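Any read-out appearing in this document is the output of simple, stated calculations on the displayed coordinates, not a laboratory observation. Being a predicted model, the structure only gives us computed values, none of them experimental. Heads up, the Cβs are rebuilt from the backbone with ideal geometry, glycines too, and the neighbour counts pull from every protein chain shown.
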Amino acid sequence: MKRREFIKLIAGSAAVWPLAVFAQQPNRARIGVLLGFAKDDPEGETRLAAFRQRLAAVGWTEGGNLRIDYRRYAGDVDRVRAAAELVGLGPDVLVAYAPPAVAALQRETRSIPIVFTQVSNPVGAGFVTSMARPSGNITGFTSFELTIGGKWLAALKEIAPGVTRAAIILNPDNSAAGGLLGVIEAAASSLGIQVSPVVLRTALDPERVVMERAVEAFAHQPHGGMIVLPDFAAISVRQSIVALAARNRLPAVYPFRYFTTIGGLMSYGIDQIEQSKQAASYVDRILKGEKPADLPVQTPTKFELAINLKTAKALGLTVPATLLTRADEVIE
């Protein structure tokens, strides 16, 4: 080989060499996250921040040895498309917030591990075969056991003793809704409360308008109260629901703290930020070789009770000292 040709060969190899070395480096782990919060919803961003922080604490840094692809959805069509896009990217693990996201990802893959949060009834929804041994590619963290339905009704009666009627806002397509409603109805007779289900399947008009009209009609009769069951349709329009309760002077109990911080009377539910951190811990274990089938579905361990005293005052309610002493947060 001539000297000039040899130099050209070395020069060409040098130009390619950095790319070749980069290609030979271990591939970054890749995660896909599917959630129903809108991009500008601070609650969604808070959960993602907690998720990333926990991953970083155990050695996974986004932009370093980890890539995370995010997809958000506003309705059924968006959710199906977003799930297909995430699976098409070939992630090592998928993370799903709430039952609709899990169902959409499950339809797309039975092999890529899926870690969920905020699912009330994963066995009933068909996501896992059992809590202790999920057996498939899905595992995660539940948000509520059905017995909490009775606690919500008891809390409504405690903060507003005059309530004898309760509107229950629910999505019948949510796998946990029927069970929660059944528990509430079972507890209602002993508390002297008549239960009236009000359907909200989606956050879109005209169904949202129909729900609001049903609540307004319900409020025409005295001694009414309201319970909002956990579902992303209700979460998406939480500002409207809280305003609806205030406008109709209905004492209301909500499933999550962020309803109370925007003016809702009272909430009792899981610490969702903690669940995002727990989900990150399962993702870490799967990335390190464990299988979702061997990771049991875990039930909540941390709950938070929040009370808005300003709202109670506006409704003419005196919050019992027994509730105040149990509250994790009192908003004045």
### Message
I'd like to know which of Ala246, Ala234, Ala167 lies farthest towards the positive end of the charge dipole of segment 148-254, counting +1 on Cβ of Lys and Arg and -1 on Cβ of Asp and Glu.
### Response
Ala246
### Message
If I model a spin label as a point 7 Å beyond the Cα along the Cα-Cβ vector, how far apart are those points for Gln298 and Asp205 in nm?
### Response
4.4
### Query
Ranking Lys157, Lys151, Lys291 by Cβ neighbours within 10 Å, fewest first, what do you get?
Lys291, Lys151, Lys157
### Query
What does the helix-only formula give at 222 nm for the chain: each DSSP H stretch with n ≥ 4 adding -39500 (n - 2.57), the total divided by the residues, and the result rounded to the nearest 500 deg cm²/dmol?
-13500 deg cm²/dmol
#### Entry: Lysine pairs with alpha-carbon atoms under 28 Å apart, segment 203-332, spacing 8 or more or separate chains
6
### Summary
Given a Förster distance of 56 Å, the FRET efficiency implied by the Cβ-Cβ spacing of Thr147 and Asn27, rounded to the nearest 0.05, works out to 0.80
### Summary
Projected onto the charge dipole of the chain (unit charges on the beta-carbon of Lys, Arg, Asp and Glu, signs +1, +1, -1, -1), the Cα from Thr202, Ile112, Tyr97 with the largest positive-side position is that of Ile112
### Message
Placing unit charges on C-beta atoms (Lys and Arg positive, Asp and Glu negative, everything else neutral), compute the dipole magnitude of the chain about its Cα centre in debye, rounded to 20.
### Response
1020
#### Entry: segment 148-254 - charge dipole about Cα centre, Lys and Arg +1 at Cβ, Asp and Glu -1, debye rounded to 20
240
